[in-house]
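To start, the structure under review is shown below, and the notes come after it.
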Amino acid sequence: MAMGMITTTIIRIPTAIPIPILMGTTIPTVIRMTEGACPHPNPPPPREGGDLGEDRHPLPRSGGGSGWGPVSATHLTKLLAWLSPSFPVGGFSYSHGIEAAVEQGLVRDRDTLARWMDGILRHGAGRTDGMLFVAAHRAVLAGDEAAFAWAVERADAMRASSETALESRAQGQAFLIAVRAAWPLEGMERWDRVIADTGRPVAYAVAVALAAALIGVPEGPALSAYLHAVAANLVSAGVRLVPLGQTDGQKALAALDSVVHSAAEAALTAPLDDLGSRAMAVDWTSMIHETQYTRLFRS
């Protein structure tokens, strides 16, 4: 295997496996980095007994972050603008496999939509993107280019299907294009060069983490806002697909409020050695969506 290659393990799931098993802690990590497959391009010093060059995060998980500190009014309005439905990232065109879940009868009403979203946030992309959001945010605050490049590479690799990869990459690229054009940030050029040097497109979560760190929004509020925006966008997709009324959509989103906060809290403290997802049903629906005959969404 070539040095620097990132590999993932993808498990295809038969429809007979019950959903509670597929979206929780019963089954171990579904998608995680193959051990030792991708040494850091600029290996950090050994940490916690690890050998030099092991595939480990170059920043400690404790300390160095801005936690749940206060957000100024100016920074808050920027964050609200960047994560609003009007920001041109094209989020309306992605369902993260919910379209296939509706087709399969797995998402049928408000309650099943809320449970499905709970799985995504706690065990799927919400978990992996949340952890990498924190890693990227801390790397920018520390001025650690190697750590930020690490987060860019991992966030791009941690996708179970071609469509979820497209969803993340396209929104990440669109986000940075819009920020550069309308909200120029001091120091962005430095991190643009780091992204370019990785040879990889930037994931949506990492792009938002970068911008939030550059304006000084603490990692906790920034991540909570990001996860809430993701949840709101996917609930909107569910409203259109099931279909549901607007009030039911808002009730589903309200039910996810504590889930968003819990997912953010978990990401702030989770060790990156545990990076991975266990939302196998979500991964499966994303895969079968690729060949679904009639589709409204790109994922």
How large is ³J(HN,Hα) for each residue in the range 130-139, as worked out from phi by the Karplus curve 6.51 cos²θ - 1.76 cosθ + 1.60 (θ = phi - 60°), to whole Hz, x for Gly and Pro? x, 5, 6, 4, 4, 4, 5, 4, 5, 5
So what's Rg/Rh here for the range 77-289, counting alpha carbon atoms and using the Kirkwood radius for Rh? 0.95
Over the range 171-213: Kirkwood hydrodynamic radius from C-alpha pairwise inverse distances, Å: 10.3 Å
Nearest 0.05, what FRET efficiency do Asp274 and Arg108 give at R0 = 25 Å with Cβ-Cβ as r? 0.20
Taking 0.36 nm per intervening residue step and subtracting the Cα-Cα distance, what contour gain separates Ala81 from Leu296 on full extension? 74.8 nm
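Throughout, read-outs are computed from the coordinates displayed, never taken from laboratory work. Keep in mind that what you see is a predicted model, and the values were worked out from it rather than measured. Please note: Cβ atoms are built from the backbone with ideal geometry, for glycine as well, and neighbour counts cover all protein chains shown.
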